[in-house]
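Everything on this sheet refers to the single structure shown next.
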Amino acid sequence: MAAALPALVLGAGLLVAAWRWLRGAARPGRGGSMRGKTVIITGANSGLGRAAAAELLRMRARVIMGCRDRARAERAAREIRAEVGERADGGGELVVRELDLASLRSVRAFCHRVLQEESRLDVLINNAGIFQCPYMKTEDGFEMQFGVNHLGHFLLTNLLLGLLKNSAPSRIVVVSSKLYKYGEINFEDLNSEISYNKSFCYSRSKLANILFARELARRLEGTGVTVNSLHPGIVRTNLGRHVNIPLLAKPLFNLVSWAFFKTPLEGAQTSIYLASSPDVEGVSGKYFGDCKEEELLPKAMDDLVARKLWDISEVMVGLLK
């Protein structure tokens, strides 16, 4: 039976590959053109962020890539420009800016530059993330997953809110994960000083993303700025670089991921949809998967927890003393 498993997986993989070839990469209806619109994408040099940057550039948006590693980001930008091709009419632009979400100082410097240089901001896509890393802390002493996935984006969004409001109608897109279901907001140990489990802490940071989006949507009612969160599905990216897979199991894992995981472009479709589609114009405070609204567990709709998390996050990032 064990010997037959690889053959079964391979057979299933071939069937999935054939199905994908027949249907092509999923690309739901979009707004067609993002000409004249400015979009910021965090973590845009690889994976979902890179795929979203390429598609939005193709739709003629001005895309600002907020990335920690500037050299890798510049290389990705060159590759994207080559893929998309130069526009004869000059539509679309790709800009690289340094942004390290593990450093509140870097977040503030990035936002300061954006506010100095950009006259408008139509879409903010909070995409960057770190997944199941060993215990480590950010520059400011926060547990890395909570610090990058939640607190860094929390500060970034708040510092850019004024520009988003002035550019309304505008959109904020928050990339979460279905793994939020396994997380809990423990206010007694948000920084994991008492105990640390890398899987639980990732899930907690993704639950925090959804609660943040929900509370922010409530606070932005009537401003013309919408906020929605999403899960991209299981995607083949380098997000899992901290996950240890036994050497002998890697060929089988690679085969399974190729057969059953989404490509970065497929995984990015919901982000692109929420950033550009007229179908979600005015829609706010919702949670999406595969470009459709989905239900959340009660713990992700707890407004009291969302408000308390907001208040504590304001203090942690220095917005309030």
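Leaving ligands and nucleic acids out of the surface, order Ser103, Ser33 by accessible area at 1.4 Å, largest first.
Ser33, Ser103
Segment 204-220 and segment 145-193 have Cα centres separated by 6 Å. Here's the list of lysines a cross-link from Lys137 could span, going by alpha-carbon distance under 21 Å and ignoring same-chain residues fewer than 8 apart: Lys198, Lys206. In the context of the full set of protein chains, segment 131-211 has a per residue accessible area of 35 Å² (1.4 Å probe). Rolling a 1.4 Å probe across all protein chains gives Glu281 an accessible area of roughly 130 Å².
Per residue, how large is the accessible surface of segment 257-318? Use a 1.4 angstrom probe and give square angstrom. Walk me through the numbers on the way to the answer.
Numbers: 2810 Å² over 62 residues.
Value returned for segment 257-318: 45 Å² of accessible area per residue.
The values are calculated or read from the model by the stated rules, or taken from the named source; none is laboratory data. The shown structure was predicted, so the numbers you read here are calculated from the model rather than taken from an experiment. Surface areas here come from the heavy atoms of the whole protein model, side chains and all, with no ligands, DNA or RNA. Shrake-Rupley method; radii C 1.70, N 1.55, O 1.52, S 1.80 Å.
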